[in-house]
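A short write-up of the structure that comes next.
The values are calculated or read from the model by the stated rules, or taken from the named source; none is laboratory data. Keep in mind that this is a model prediction, so the values were computed, not measured. As a convention, Cβ positions derive from the backbone with ideal geometry for all residues, glycine included, and neighbour counts pool all protein chains shown. Areas reflect the complete protein model, heavy atoms only, side chains present, ligands, DNA and RNA absent. Shrake-Rupley method; radii C 1.70, N 1.55, O 1.52, S 1.80 Å.
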Amino acid sequence: MTGSIKYLSQKHWRQTGVIALVGAIYLICSWILQYNNLAGITAVPKAFAWLGTNFMPTADSMSHVPQIWTKLMQTVLLAIASTVVAAVIAIFVALLGSKVTGFNWVVQTATRGIASFFRNIPLVAWAMILLFSFKQSDFTGFLALLLMSVGYLIRAFMEIIEDEASETTLALKATGASYFQIIFQAVLPQILPSLISWVLYMIENNVRDATLVGILTGTGIGFIFDLYYKSFRFDAAGMTVLAIILVVIILEVLSNQIRKVIL
Amino acid sequence: MLEVKNLEKSYQKDKTALKDISFSIEPGKFVAIIGPSGAGKTTILRSLNQLIKDDSGQILLDNQDLRTANKAELRKHRRQIGMIFQNYNLVERLTVIENVLHGRLGYKSTLAGVFGRYTEDEKKEAMVLLDKVGLKEFALQRCSELSGGQKQRVGIARSLIQHPKVILCDEPIASLDPISAQTVMQLLKELTEEFNIICIANLHQINIAKKYADQIIGIRKGELVFDEPAADLSEATLAELYDQPVTKELK
Ligand SMILES: Nc1ncnc2c1ncn2[C@@H]1O[C@H](COP(=O)(O)OP(=O)(O)OP(=O)(O)O)[C@@H](O)[C@H]1O
Ligand SMILES: [Mg+2]
């Protein structure tokens, strides 16, 4: 009794300690960077006011809508294509690498390593590296998104397989089913909903990221935003941002609906 | 006839999970394996169909050794051995009949199995077996929509369609309410006699083991403590098995 009370009060102090530590780290960092907290905070409303007046789309900006729309669709398609290809690659690799369906521990460890490598290089870095080889093109953006998505999806799929398919795999193994029979009759049907759910999430994510990559690779909606911005057509740039937000929200609503149906 | 001779297994060095286990079981017999948690019951059961690779000994099913089989032979052995799990281990998103038909995979070519192409006879038999376990109307329902007791009966049908000589049950009723548990045990008992199968069940409930089993095997710390007809099981033996008196459980 007293033991557990003591434990709880200790836990309380630990939590307070952690919060204090986070605060201290923030203060030290802003001191090192000579970041003026007060000025930073007071600048926020001003920045929004500036955004509001300059980036507000006007009646004129409507003329840019067709162009924005075409570029936006290009970007959305790029994101979907890269995610779908990534998903196909990832499922094969995940089957080879998971503890349940995997080959042996060498392949399993290697797969984990590769997935973590692709995942931990930031997207922007991927795009910059690939720019050297493939120049400014849609393909560069596609590849950058693909590589990063593959990293994420391999990891996610392996965990899904291990969590959701280990019991049925065991049961079918016991009936004398062969490896491929187990994969197609048990593992894939069992994990399909979670798989689709992850792919949808990755598409949403990649649409946002594709915008950023587009600025670097000079394609899609990112390019056109960059163009408007640098030529001081802030209203059109604002229109572009608005269009991106709209599409991202639509995609999210759509994929939530799909999730509801399949899960 | 199933004969286990001098089975040994250790997961880590110097820590034996099974020590010199030997027993034999005649067809048509329902056998319960009891013993404290961590005694090695699951390890024995999974060695019997080689889901766990044991270290040494012999496992003879009708005089053929499972332990020395190669991959293709092992597949043939496994299809004669059904297995029933505490958590049912069904593919929840597939229909009841698809799950039952999974029991035929061991008999099919890889390609036919991958695409789930079953013969008319297999489908008919699946329906007959579903009728037998009382789930005929549920054939086309998804397994995720069934209760625990119903899922376990699907598991039983899946093992029966294998035309098994042996059915292994690892705590088949541990997740079930008392009534469903009784239904499942009764069903296993009847099927064992009807098809002249060897049924081996790991159980934690001694009274249920006594009620349904013909033969009871007691395992303690990886060693076989007793192997005798269920009727002979005494309080003294049980006290030795669990290191404490278990009078109440026997009633
Ligand atoms: N994969 C494993 N790796 C290492 N040790 C294991 C493994 N599986 C089981 N063991 C050990 O082997 C011993 C026997 O385990 P087993 O699962 O066979 O016991 P059990 O009798 O089935 O217990 P329970 O009644 O709790 O299911 C235990 O000491 C356990 O810790
Ligand atoms: Mg066990």
Note: probe point = Cα of A:ASP60 + 7 Å toward Cβ; backbone nitrogen < 16 Å; residues of segment A:195-229 passing the test are A:228-229
If every Lys and Arg gets +1 and every Asp and Glu gets -1 at its Cβ, then about the Cα centre chain A yields a dipole, in debye to the nearest 20, of 540 debye
Taking a ≥ b ≥ c as the square roots of the Cα gyration tensor eigenvalues, with a/c under 1.5 meaning rounded and otherwise prolate when a/b beats b/c or oblate if not, chain A comes out oblate
Taking r as the C-beta separation of A:LYS260 and A:MET128 and R0 as 41 Å, the FRET efficiency to the nearest 0.05 is 0.60
Between chains A and B, the summed loss of accessible surface on complex formation, probed at 1.4 Å and reported to the nearest 100 square angstrom, is 2000 Å²
Checking A:ARG208, A:ARG112, A:ARG14 against a Gaussian network model of chain A (alpha-carbon springs below 10 Å), the top fluctuating residue turns out to be A:ARG14
The alpha-carbon center of segment B:1-67 and that of segment B:124-148 are separated, in whole Å, by 32 Å
Quick calc: nm separation of the 7 Å Cα→Cβ label points for B:GLN182 and A:LEU242 -> 7.1 nm
Cross-link reach from A:LYS135 to lysines, straight Cα distance under 20 Å and at least 8 residues apart if same chain, gives A:LYS71
Length-normalised contact order of chain B, Cα under 8 Å, at least 6 apart, in percent, tallies to 28 percent
The helix A:188-217 Cα axis meets the longest alpha-carbon principal axis of chain A at an angle in degrees, between 0 and 90 and rounded to 10, of 30 degrees
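Using a Förster distance of 35 Å, how high is the FRET efficiency between A:PHE48 and A:VAL107, based on the Cβ-Cβ distance and rounded to 0.05? It would help to have the intermediate numbers written out before the result.
Details: r = 52 Å, r/R0 = 1.49.
E between A:PHE48 and A:VAL107, to the nearest 0.05, is 0.10.
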Between the residues B:THR68, B:LEU94, A:TRP126, the Cα farthest towards the positive end of the dipole of the protein assembly as shown, that dipole coming from +1 and -1 charges on the beta-carbon of Lys, Arg, Asp and Glu, is from A:TRP126
So the angle from the long Cα axis of helix A:123-134 to the longest Cα principal axis of chain A, reported in degrees to the nearest 10, equals 90 degrees
FRET efficiency (A:SER231, A:ARG14; Cβ distance; R0 41 Å; to 0.05) is 0.15
Expressed as a percent, the accessible surface of chain A that is carbon or sulfur, using a 1.4 Å probe and the full set of protein chains, is 74 percent
So for chain B, using the alpha carbon gyration tensor with a ≥ b ≥ c as root eigenvalues (a/c under 1.5 gives rounded; past that, a/b versus b/c decides prolate or oblate), I'd call it oblate
So the angle from the long Cα axis of helix A:105-120 to the longest Cα principal axis of chain A, reported in degrees to the nearest 10, equals 10 degrees
Here the residues of segment A:173-197 lying in the modelled label zone of A:ASP163, meaning backbone nitrogen under 18 Å from a point 7 Å along Cα-to-Cβ, are A:187-197
Here, trypsin sites (Lys or Arg not before Pro) of segment B:72-158 satisfying both criteria (DSSP loop; at most 14 other Cβ within 10 Å) are B:ARG117
Placing +1 on each Lys and Arg Cβ and -1 on each Asp and Glu Cβ in segment A:1-138, then taking the dipole about the Cα centre, the residue among A:GLY113, A:VAL100, A:LEU77 whose Cα reaches farthest towards the positive end is A:VAL100
In units of 2.2 N^0.38 Å, the Cα radius of gyration of segment B:90-163 is 1.00
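How many Å³ per residue does the convex hull of the Cα positions in segment A:2-54 occupy? Write down the numbers at each step before the final one.
Numbers: hull volume 5.2 nm³, N = 53.
Dividing the Cα hull volume of segment A:2-54 by its residue count gives 98 Å³.
With a ≥ b ≥ c the root eigenvalues of the C-alpha gyration tensor of segment A:1-126, is it rounded (a/c under 1.5), prolate (a/b larger than b/c) or oblate? Could the numbers behind the result be given before it?
Numbers: a/c = 2.70, a/b = 1.05, b/c = 2.58.
Because a/c hits 1.5 or more and a/b fails to exceed b/c, segment A:1-126 counts as oblate.
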For the pair A:TYR26 and A:VAL85, the simple spin-label estimate (label points 7 Å beyond Cα toward Cβ) gives in nm 4.3 nm
Distance in nm between A:TYR179 and B:LYS76 label points, each 7 Å along Cα→Cβ, equals 2.1 nm
Beyond 28 Å (Cα-Cα) in this structure, taken from B:LYS13/B:LYS41; A:LYS260/B:LYS123; A:LYS173/B:LYS19; A:LYS173/B:LYS211; B:LYS41/B:LYS210, we find A:LYS260/B:LYS123; A:LYS173/B:LYS211
So, relative contact order of chain A in percent, Cα under 8 Å, 6 or more apart, is 25 percent
Of the convex hull drawn through the C-alpha atoms of the protein assembly as shown, the volume per residue in Å³ is 241 Å³
Expressed in Å to one decimal, the Kirkwood Rh of segment B:144-222 from all distinct alpha-carbon pairs is 13.2 Å
